[in-house]
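For reference, the structure discussed in these notes is given below.
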Amino acid sequence: MWHKDEAKPSSRQKEDSKSASNPPGVEPAAAPKVEAVRSIANQTVELVQPAGGVLTSTMVIKGEIRGREDLYVDGEVQGSIRLGDAKVTVGPHGRVTADIEAREIIVRGSVQGKLLGSDRVEIGPTGDVQGDVVTRRIALEDGARIKGSVEVTRAEEPRSAGAPKAAAESSSLQAISAHAQGS
Amino acid sequence: MSFFDKLRAGNGYDSPSRIHSARSGHAATAVAKASVSAPPGPGYVQRAGRQSNGLKEFLWTLDGIGHGHLLDLGPAWQTTIMFFLERGFKVYTEDLLSAWKDFLDADAKRIREQSANADPALASPASRAERFLAGSLRYPDGTFDAVLMWDLLDYLDAEMSTRVVARVTSLMRDGGAVLAIFHNRKPEGFHRYRILDAQRVELVSTPSPIAAHRIYQNREISNFFMRFRSSKSFVGRDQLRENLFVK
């Protein structure tokens, strides 16, 4: 009978063991994030850990998107995307007809518009860009398609597309209009 | 440091002593045998690339241009784009062959759907070429200092080839250079080309988007580029003719 108490430590003991494994001031390791797997014709498998806003493949947004959070677009966007200090990822199902201005831009789907990446632009093997690319660093994977110009700027030559600065924008994503298409 | 100096410093490129006919302003044709080393095995070409005298001459011609504009009509390869970006060029890419394939597929589908009402005139090579070019190679005249055409013309029909060269000619500035490749015989496989360094081009085997293939004679090639001031041809042992045309 008394062995039960030993087998089941009290809540106090649990807290002690917890604090012993994690020194004061250090948060316990977060639970592993669930990864989403995407594929196109069984040829491309991509592990995505969306952080910030996510537009799923059934979403259509027409208008201007501004903010400071990362954005994952697997749906359709028509208008403009200005996330000055954040990352924009266009997923394999993403169809963007808009200029994109962000710190980092990753394209796996199709984009018609200018890409202005203040830090880097990456175009994956399924990426299709019709528009000019201006950035400090660029990465192209085999199979990437670009119809337009590629220009690499120096760090001291920040470019602006003439858009209002994203840092002064609201902290959350704003869309003028959004239509969720039902399946 | 000039463009050519950078190439020489970084890649051990040996400066040719002769003066370009293009710079002297006289039209001239020079044919030279390229010193292409025969690949010992199938995988060798992929790893080591192909010595390209045409590329060397192309880069030599671009020496001194500085911040020029280059149009690559092949796929967007990281190595090719970075090669020219690092040398101050603004690089434009437009994979014309893939776009032509997509256009032909869409056109064939449209014709099938309108089988009864289709206008036969739209299926003519001239009409096809005109409609395709309405959405391709749309740049202001005189934009480019250099164009990488690769072996694009071998895979287009004669009508398209003529129109593409005419469009490219108008897009180029005077003194600009085109690097084009032609096959002397039907190739065993389809390749894409990407630049490894100032002397080597890598041939990347890919599925051919266009089944048709044409072998052009020298006279036909000269007719395509008749508005250019000079041309040079380098024939390799692998039966590739690299042609450099200067406007």
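The values are calculated or read from the model by the stated rules, or taken from the named source; none is laboratory data. Computed from a prediction, not measured in an experiment: that's the story for all the values here. Counting neighbours? That spans all protein chains shown, and the Cβs are built from the backbone with ideal geometry, glycine included. Each accessible area value is taken on the protein alone, full model and side chains, heavy atoms only, with ligands, DNA and RNA left out. Shrake-Rupley method; radii C 1.70, N 1.55, O 1.52, S 1.80 Å.
To keep it simple, each residue is scored yes or no on (1) of a type in the set (D, E, K, R); (2) surrounded by fewer than 17 Cβ atoms within 10 Å (Cβ to Cβ); (3) modelled with pLDDT of 90 or more; (4) touching a helix residue (DSSP H, G or I) at 6+ places or on another chain (Cβ under 6 Å).
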position	(1), (2), (3), (4)
B:D5	yes, yes, no, no
B:G10	no, yes, no, no
B:S15	no, yes, no, no
B:S24	no, yes, no, no
B:A99	no, no, yes, no
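For the range B:52-73, taking the residues that are part of a loop (DSSP other than H, G, I, E, B) and within 14 Å of another protein chain (Cβ to nearest Cβ), the one that is nearest to B:V164 (Cα to Cα) is identified as B:L73. For A:D142, only one of the following conditions fails: (1) under 30 Å from B:S205 (Cβ atoms); (2) open to solvent by less than 50 Å² (accessible area, probe 1.4 Å); (3) at pLDDT below 95. What is its number? Only one criterion in (1) under 30 Å from B:S205 (Cβ atoms); (2) open to solvent by less than 50 Å² (accessible area, probe 1.4 Å); (3) at pLDDT below 95 is unmet by A:D142, namely (2). Every listed requirement among (1) open to solvent by less than 60 Å² (accessible area, probe 1.4 Å); (2) assigned to a helix (DSSP H, G or I); (3) within 14 Å of chain A (Cβ to nearest Cβ) is met by B:S136 save one, (2). For the range B:87-97: of the residues being within 15 Å of the chain's Cα centre (by Cα) and more than 7 Å from chain A (Cβ to nearest Cβ), which is surrounded by the fewest Cβ atoms within 10 Å (Cβ to Cβ)? Going through the qualifying residues, I end up with B:L97.
Please verify whether the range A:119-139 includes one or more residues that are more than 14 Å from every other protein chain (Cβ to nearest Cβ), part of a strand (DSSP E or B) and either touching a residue at least 40 places away in the same chain (Cβ under 8 Å) or surrounded by fewer than 19 Cβ atoms within 10 Å (Cβ to Cβ) (or both). The answer is yes; a qualifying residue exists.
Checked against (1) at pLDDT 90 or above; (2) open to solvent by less than 80 Å² (accessible area, probe 1.4 Å); (3) over 20 Å from A:R120 (Cα atoms), A:P92 meets all criteria but (3). Only one entry of B:R194, B:R214, B:R173, B:R167 meets the criterion of being open to solvent by 70 Å² or more (accessible area, probe 1.4 Å), within 16 Å of the chain's Cα centre (by Cα) and not polar (S, T, N, Q), and that entry is B:R214.
Counting residues in the range B:112-122 that are among the acidic types (D, E), away from every other protein chain (no Cβ under 13 Å) and either exposed (fewer than 13 other Cβ atoms within 10 Å of the Cβ) or not in a loop (DSSP other than H, G, I, E, B) (or both) gives one or more. Restricting the range B:74-86 to residues that are facing another protein chain (nearest Cβ under 7 Å) and surrounded by fewer than 20 Cβ atoms within 10 Å (Cβ to Cβ), the residue that is farthest from A:S149 (Cα to Cα) is B:Q78.
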